[in-house]
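Take a look at the structure set out below.
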Amino acid sequence: MNTEFLLTSLVVVATPGTGALYTIAAGLSRGARASAVAAIGCTLGTLPHMAAAVTGLAALLHTSAPAFQVLKYAGVAYLLFMAWATLRDKDTFTARQDDKAAAAPPSTARVIASGVLVNLLNPKLTVFFFAFLPQFVSAGAPDALPRMAELSAVFMALTLLVFLAYGRFAAALRHRVLTRPRVLSSLRRVFAGAFAAMGARLAFL
């Protein structure tokens, strides 16, 4: 395996983005298991982008301005929705002493679906993989397609491992954070602001 590819991938994955933010929020609000589920969802969300890059569909998206704009603004809308939902949902960051009285947490399927959408509606990932993967495959090589698929699988594995680490760390701080109302209020605003900022940044891409 190309060392340069591994190091570059690790830097890209470890740089905090929407997926990492979503996983950390899940760890803080619902614990280690929820953060692991969120990490799996975010990792699965990169799969369509990788498939597009490997099969060449990214070339069409990259050269078709309308297709790129539709996907981009869908991503912007979803990130703004995440910001609004985070700011509005005061029950998410709440210490639950009575499980029977507490509202039911989101289902595993819902957490995974949200994680998938976070990365699926990010057109920068498709453009990134289209520009990134070919650099590590020899032009005209007979095994180019399997090689790109292999590199994609490695990238997904790194994504999952890093996001699991982010989520575990957030979950470890959960009980210290959730017993402080001012911290909870600040966290909601920080996460909501971060989602909104990422949406605004994507809008001007």
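Things worth noting here:
- A compact globular protein would have a Cα radius of gyration near 2.2 N^0.38 Å; the ratio found for the range 154-201 is 1.45.
- Net charge of the neighbourhood of LEU133, taken over other residues with C-beta under 14 Å away and scored Lys/Arg +1, Asp/Glu -1, is -2.
- Spin-label model, PHE169 to ALA113: label points 7 Å out along the Cα-to-beta-carbon direction sit 3.1 nm apart.
- Summing Lys and Arg as +1 and Asp and Glu as -1 over all other residues whose Cβ lies under 11 Å from the Cβ of SER35 gives a net charge of +4.
- Note that the range 14-25 has calculated 3J(HN,Hα) couplings of 6, 5, x, x, 5, x, 5, 4, 5, 5, 5, 4 Hz, one per residue in order, obtained from phi through the Karplus relation 6.51 cos²θ - 1.76 cosθ + 1.60 (θ = phi - 60°); glycine and proline are x.
Bear in mind these aren't lab numbers, they're just calculated from the coordinates by the rules spelled out. All values derive from a computational prediction rather than experimental measurement. Reconstructed Cβ throughout: ideal geometry from the backbone, glycine too, with neighbour counts over all protein chains shown.
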